[in-house]
Amino acid sequence: MVNCPPHARLKDAPRATLPFIFLSLLLVVLAACGGGNTSTTPSSSQKSNMAQQQVLNFPNVGINDLAVLDPAQGPDGNSAQAVNMIYSGLVKNDQNLKTVPDQATWQISGDQKVYTFKIKPNVAFSDGTPVTAQTYVYTWTRSLLQETASPIASFFMAPIQGADAVANNKTKILTGVKAVDDHTLQVTLTHPTPYFLSELSNSLFFPLNQKVIEQYGKQWTQHAAGSGLGTGPFMVKDWQHSKKMVLVPNPHYYGNKPKLTQVNMLFVVNPATALQTYLAGQYDFMWNIPAEQQVTVKDKPGFVRKPLLQSNLLFFDNTKEPFNKAAVRQAFAYATDKQTLVKDVFKDAVTVAQTIIPPGMPGYQPDYKGLPYDATKAKSLLQSAYPDLKKVPKITFSYPSSQVSANEAAVLQSMWQNALGIQVKLDPVELSAYNDRTSKHEVQFGFTQWGADFPDPYDWLTLNLTSNASNNNGQWSNAQFDQTVKKAEQTNDQNERIKLYNQAEQIAISDVGWLPIDHQTLAAIIPSWIHGLSMSGNGLYFGDWSDVYILQH
């Protein structure tokens, strides 16, 4: 998902307990029925109950502007709110996070390595440019090219034949992706990959308009207004940076048409400010409500809280002192009283995370205790690395101010200082700027969120913690971990894969590649007069937007 991501991705910021659903996602789907209606007509009862004005005021809570509109760059959770309105792809996820057809149906070969997609003939970008199989060849190849500098493509596309060669600049031909004809796309994998279809629901795989990219070059997303960027249900009418984005229905959308005539996506950095603005009647719904504020609004009509497939975690710069020493990272882990944090700061709105992978995901280890709070052990570990605590280098904890409250940061700071006997400076940063700093490895000690892109441990561990992973913000490197996840990916037996990933996760936790803090929930207020908006394990769920509309109120 996060800062995700990338999902990250303070991956799909807000983006858990759905084990049966997720296991079903891992089943191989040999064929699927598709074909959507091109329009939907409201029934007479709907028409009579619908508000005359179908304009949705949608607060995008936690940012001052959208940071990423190029799907190849791994949109963070807030940017993904717009990306998933503007773009669409071969498949999509339903409310239960099951992978279903969108632009195409498919067949899978007996050896589970060749996927043949039949693309609907009426798919087009919002400027009317047709989408063909060659559009997908272009998009997927572009994402892997070094000049695109995608932080996620080489990992997400790793199973595709020839992806490694393109990513390493050996060729510009992605051999595993072929346009058999205008509406037939054939994808060949190097090995059976049970999560491949699920991966395709990520916006990285959504088709891009080559004409727009070639016209505007590297700044193409800055020309979003009026351009045919994507194939989703909406297109950008206006983008007032640091204020709002106005979206209107895509006239060429192949699916069921939205009933909304306009969506005003309003950017608001501070969640507390967003909540007050909602209560003042300026937004149509509210989401991403901070835990400490949920207490005051939990009895309001429309309040809902849902477990997310998302974990909050801390990372350390492993390339410099003091965090290049495992004992120091472990000291901070043992000095973190997660139970107190969850009870006193989050008011039990989240759950303690002893593991990186949250409940509801394949590979979740409910009985693994991780590194529990132990202040005495924490101090001892720190002194084993620095007998004279005055020689511990200065430590600064940086965090996105929209995702870590001042209270939470202060409580963490107090825990570390009291247990370890050292000073920790706090450094709150606006989310977009924070994501930029983490991508440049400029954060000494930081916070991140990760939410599920698809239901497999690969998405959590391989994508984030292998030595060469671009999402590895702390540049943690552990040869045993790398070997274990590599072995997992070379294993076809799913039970054996999960066992290996369990081992890898325990290595990452004990060596503190990541320090898990809590598994998240998402709280929202969705009034009864907002029809068709709900939540899933990945956060806000709008479906294909055709059933989202405003009732009279």
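Limited to the range 264-297, what total is found for residues that are touching a Lys or Arg at 6+ places or on another chain (Cβ under 9 Å), buried (at least 16 other Cβ atoms within 10 Å of the Cβ) and in a helix (DSSP H, G or I)? Going through the range 264-297 one residue at a time, the tally reaches 3.
As a summary of the residue check, residue 378 satisfies the conditions (1) more than 26 Å from the chain's Cα centre (by Cα); (2) surrounded by fewer than 17 Cβ atoms within 10 Å (Cβ to Cβ) except for the one numbered (2). For first residues located in the range 323-340 and under 14 Å from residue 414 (Cβ atoms), partners that are assigned to a loop (DSSP other than H, G, I, E, B) and lie 6+ apart or on another chain with Cβ distances below 6 Å form the pairs 337/373.
Filtered by the rule that a residue be under 27 Å from the mean Cα position of the chain (by Cα), in a loop (DSSP other than H, G, I, E, B) and on the phi < 0 side of the Ramachandran plot, the range 116-153 gives 123, 125, 126, 131, 145, 146, 147, 148, 150, 151, 152. In this structure, is residue 380 outside any loop (DSSP other than H, G, I, E, B) and touching a strand residue (DSSP E or B) at 6+ places or on another chain (Cβ under 9 Å)? When the stated conditions are applied, residue 380 does not pass them.
Can you list the helices (runs of 4 or more DSSP H) lying wholly within the range 453-524 that have 3 or more residues being within 28 Å of residue 343 (Cα to Cα)?
Numbers: elements: 457-460, 462-465, 479-489, 494-510.
Filter on the range 453-524 gives 494-510.
For the range 181-196, a residue qualifies if it is under 30 Å from residue 498 (Cβ atoms) and in a loop (DSSP other than H, G, I, E, B), and the qualifying residues are 190, 191, 192, 193, 194, 195. Among the residues of the range 538-553, those identified as part of a strand (DSSP E or B) and buried (at least 21 other Cβ atoms within 10 Å of the Cβ) are 539, 540, 549, 550. Answer yes or no as to whether residue 481 is at pLDDT 95 or above, crowded, with 21+ Cβ neighbours inside 10 Å, over 24 Å from residue 198 (Cβ atoms) and touching a Ser or Thr at 6+ places or on another chain (Cβ under 9 Å). Considered against the rule, which asks whether it is at pLDDT 95 or above, crowded, with 21+ Cβ neighbours inside 10 Å, over 24 Å from residue 198 (Cβ atoms) and touching a Ser or Thr at 6+ places or on another chain (Cβ under 9 Å), residue 481 comes out as no. State whether one or more residues within the range 236-259 are among the charged types (D, E, K, R), under 22 Å from the mean Cα position of the chain (by Cα), closer than 30 Å to residue 529 by Cβ and surrounded by fewer than 22 Cβ atoms within 10 Å (Cβ to Cβ). Within the range 236-259, one or more residues are among the charged types (D, E, K, R), under 22 Å from the mean Cα position of the chain (by Cα), closer than 30 Å to residue 529 by Cβ and surrounded by fewer than 22 Cβ atoms within 10 Å (Cβ to Cβ). Name the residues in the range 52-64 that are modelled with pLDDT under 95, in a loop (DSSP other than H, G, I, E, B) and in contact with a strand residue (DSSP E or B) (Cβ under 7 Å, 6 or more places away or on another chain), would you? Scanning the range 52-64 gives 63, 64. The residues of the range 50-92 that are closer than 14 Å to residue 402 by Cβ and of a type in the set (Val, Ile, Thr), listed by number, are 61, 63. Within the range 519-537, the presence of at least one residue that is surrounded by 24 or more Cβ atoms within 10 Å (Cβ to Cβ), at pLDDT below 95, closer than 30 Å to residue 112 by Cα and among the small types (Gly, Ala, Ser) is confirmed.
Please verify whether the range 295-313 includes one or more residues that are more than 20 Å from residue 447 (Cα to Cα), polar (S, T, N, Q) and more than 20 Å from the chain's Cα centre (by Cα). Yes - at least one qualifying residue is present in the range 295-313. Of the residues that make up the range 270-281, is at least one under 21 Å from residue 69 (Cα atoms) and either touching a helix residue (DSSP H, G or I) at 6+ places or on another chain (Cβ under 7 Å) or of a type in the set (Phe, Trp, Tyr) (or both)? The answer is no; no qualifying residue exists.
Whenever a residue of the range 67-82 is at pLDDT 95 or above, its partners that are among the basic types (Lys, Arg), lying with C-beta atoms within less than 8 angstrom and at least six residues away or across chains, give the pairs 72/142. The residues of the range 410-443 that are outside any helix (DSSP H, G or I) and out of contact with any Pro (no Cβ under 9 Å at 6 or more places or on another chain), listed by number, are 421, 422, 423, 424, 425, 426, 427, 440, 441, 442, 443.
The values are calculated or read from the model by the stated rules, or taken from the named source; none is laboratory data. Quick caveat, the model's predicted, so the values are computed rather than measured. Cβ: placed from backbone, ideal geometry, glycine included. Neighbour counts: every protein chain shown.
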